Amino acid sequence: MLNTLIHLSNNHVWEDVTLHNSNLPPLAIKNPECLGLLHQLDRNTDMWVQHYCILKDGCLYFYASIRSTQASGGLYLQGYRVNEQILSFKQSVIELKPPSEEFKTFYFCAENNTENQRWITALKASIKKWLPLHQAIQDFMNRPLEETRM
């Protein structure tokens, strides 16, 4: 289980917000993009650990249960890719692949394929909303000159 919020960027604009949210009970987080039970594969024990999860602004918060008073951990998802994978026992799982090999790949599984698809759609949308600043600037600079005039 994760004990702290994992950040890929030390100075990200949402750092204070995500730290604040991690100290809230799950139902106190306003307008979550997705919520529900997910099982996370613990690679050390090769066992699935159940979490109540909240997805909000590119951050996945983990709770021991819906009645928890604060998150037990979280994963900041900027730069992660979301894929559906099939594991050896033919079960569909959600793979969260980091932008760099120095970070860990995570595997999750919902209660059924419909729930997996719901989470995959929400995770992709949440990650896509938050472009890294350097990518946003480059995208702006690559636009035709007439579109960049104020």
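The values are calculated or read from the model by the stated rules, or taken from the named source; none is laboratory data. Keep in mind that what you see is a predicted model, and the values were worked out from it rather than measured. Neighbour counts are summed over all protein chains in view; Cβ atoms, including those assigned to glycine, are modelled from backbone coordinates with ideal geometry. These area figures cover heavy atoms from the full protein model, side chains too; ligands, DNA and RNA do not enter into them. Shrake-Rupley method; radii C 1.70, N 1.55, O 1.52, S 1.80 Å.
Tell me the residue from 77, 87 that is surrounded by 18 or more Cβ atoms within 10 Å (Cβ to Cβ) and either without any contact (Cβ under 8 Å) to a residue 60 or more places away in the chain or more than 15 Å from residue 40 (Cα to Cα) (or both), please.
One residue alone meets the criteria, 77.
Residues being surrounded by fewer than 22 Cβ atoms within 10 Å (Cβ to Cβ) and in contact with a strand residue (DSSP E or B) (Cβ under 7 Å, 6 or more places away or on another chain): count how many of those fall in the range 41-67.
Number satisfying all stated conditions: 8.
Looking at the range 1-55, which of the residues that are modelled with pLDDT under 90 and β-branched (Val, Ile, Thr) is farthest from residue 74 (Cα to Cα)?
Among those that are modelled with pLDDT under 90 and β-branched (Val, Ile, Thr), it is 13.
Keeping to the range 32-77, report how many residues are outside any loop (DSSP other than H, G, I, E, B) and either out of contact with any helix residue (DSSP H, G or I) (no Cβ under 9 Å at 6 or more places or on another chain) or not hydroxyl-bearing (Ser, Thr, Tyr) (or both).
Final tally of qualifying residues: 24.
Just give me the residues in the range 16-34 being of a type outside the set (A, V, I, L, M, F, W, C) and surrounded by 15 or more Cβ atoms within 10 Å (Cβ to Cβ), in sequence order.
Answer for the range 16-34, where residues must be of a type outside the set (A, V, I, L, M, F, W, C) and surrounded by 15 or more Cβ atoms within 10 Å (Cβ to Cβ): 18, 21, 22, 26, 32, 33.
Based on what the data block shows, is residue 145 at pLDDT below 90, open to solvent by 80 Å² or more (accessible area, probe 1.4 Å) and under 27 Å from residue 17 (Cα atoms)?
Considered against the rule, which asks whether it is at pLDDT below 90, open to solvent by 80 Å² or more (accessible area, probe 1.4 Å) and under 27 Å from residue 17 (Cα atoms), residue 145 comes out as no.
Please name all residue pairs, on different chains or six or more residues apart, with Cβ atoms under 6 Å, provided the first residue is in the range 39-68 and is of a type in the set (Ser, Thr, Tyr) and the second residue is assigned to a loop (DSSP other than H, G, I, E, B) and open to solvent by 30 Å² or more (accessible area, probe 1.4 Å).
Here the result reads 52/65; 52/66, each pair linking the range 39-68 to a residue that is assigned to a loop (DSSP other than H, G, I, E, B) and open to solvent by 30 Å² or more (accessible area, probe 1.4 Å).
Quick check on the range 106-132: of everything there that is open to solvent by 80 Å² or more (accessible area, probe 1.4 Å) and assigned to a loop (DSSP other than H, G, I, E, B), which residue is nearest to residue 61 (Cα to Cα)?
The extreme case among them is 111.
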